[in-house]
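A short write-up of the structure that comes next.
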Amino acid sequence: MEKKIVFSGVQPSGVLTMGNYIGAIRNWVELQDEYNCFYCVVDQHAITVPQIPKDLRKNTLDVLALLLAAGIDPKKSALFIQSHVAAHSELSWVLNTITYMGQLNRMTQFKEKSRRSEENLNAGLFTYPVLMAADILIYNADLVPVGEDQKQHMELARDLAERFNNRYSDTFTVPDPLIKKAGARIMSLQDPTSKMSKSDKDTNAYILLLDKPDDIRRKIKRAVTDSIGVIAYNDEQAGLKNLLNIYNAFTNEPIDEIVSRYENLGYGKFKEDLAEVIVEGLSPIREKYDYLMKNKDYLEEVYREGAKKAEYQAEKMLRKVYRKVGFVQR
Ligand code: AMP
Ligand code: TRP
């Protein structure tokens, strides 16, 4: 039997956070043996908000190296850069023509991003989810491992696959999101009501995969908790709940066991130990990253090979789509 297909993407909008790692990347790593995986650094999505070109170039390579450091194996998976495979944006145009404006208007990520920067209401930000659907559908992906925040975008991708199939005959696989319950939404360390994001203005809100051990310790020490003073896992103690989720993500120890072990030891001791758990969990990634960044030729080879593998599949699919919509074959 043919292996099922997995696709996922991450934006090169900065160094990845612990949230990206726990919510998405470590799941990508797990899927590599069982599935035919395509993992993509989505630089075309990144330019929907203003970018400094030289930083975008650097961040794209950084993220690529981080994915390798976190365990993506280019022998098993196609690891590539979105702008290297033109078929994504070509399919995106076709999908744009079957997407309803109303659907895009309801996208919470668009609403949030446009609220944050009124002066940047560009059309790309609006049609961002259509390009994301194209990323997925062009490979006929069965499964898409993402964090909770991408659920609505995944609904659109499913919708567009079905609409295209209904209008032009069966073409696309309708993809399923794969959202793991544990760690699907790691929250800001400074405001446990919003998600941990690399675009947060407050650098204490997130831990980056490349943060130094002392930065990690300092950020965890400052993480917002509450004045109740007893370690427990509930929504009232949202800050603590988030810290417990992070502890669980790195150690796999069940939450109730962590709680009962620390119940009477106080927040200070728990935070101290948590910081060490994170430092230990991230240090192999940082070390591997440092090594890879000294081997730029290898990085280049990885993304070139990845693009070749991806392009082969994507081009085949694009031809099929063009034929179905009535474009003349060249
Ligand atoms: P992005 O950085 O927005 O490109 O996100 C890349 C992947 O990480 C997506 O699958 C997101 O759903 C996931 N992700 C981003 N932030 C978090 C978070 N705070 N907690 C869990 N998953 C996240
Ligand atoms: N929109 C996703 C995010 O912000 C990134 C992304 C782009 C993606 N294309 C994708 C994720 C396709 C999964 C599948 O996180």
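Quick note: the coordinates plus some simple rules give every number you see, no bench work behind them. Worth saying up front: this structure is predicted, and the values here are computed from it rather than measured. Reconstructed Cβ throughout: ideal geometry from the backbone, glycine too, with neighbour counts over all protein chains shown.
Details
- Checking D149, D211 one by one, the residue that is away from ligand 2 (no atom under 16 Å from the Cβ), within 22 Å of the chain's Cα centre (by Cα), closer than 23 Å to Y21 by Cβ and acidic (D, E) is D211 and no other.
- Taken over region 312-321, the criterion of being touching a residue at least 40 places away in the same chain (Cβ under 8 Å) and surrounded by fewer than 17 Cβ atoms within 10 Å (Cβ to Cβ) is satisfied by E315, K320.
- K201 within 16 Å of ligand 1 (Cβ to nearest atom) and loosely packed, with under 15 Cβ neighbours inside 10 Å: yes
- Residues satisfying the stated conditions in region 11-53, i.e. of a type in the set (A, V, I, L, M), within 12 Å of ligand 2 (Cβ to nearest atom) and under 22 Å from I278 (Cα atoms): L16, A24, I25
- Subset of region 214-242 that is aliphatic (A, V, I, L, M) and buried (at least 19 other Cβ atoms within 10 Å of the Cβ) - its residue that is farthest from ligand 2 (Cβ to nearest atom): I231
- Flag for L240 being in contact with a Ser or Thr (Cβ under 7 Å, 6 or more places away or on another chain) and among the hydrophobic types (A, V, I, L, M, F, W, C): yes
- Screening E112 against (1) within 13 Å of ligand 1 (Cβ to nearest atom); (2) touching a residue at least 24 places away in the same chain (Cβ under 8 Å) leaves a single unmet condition, (2).
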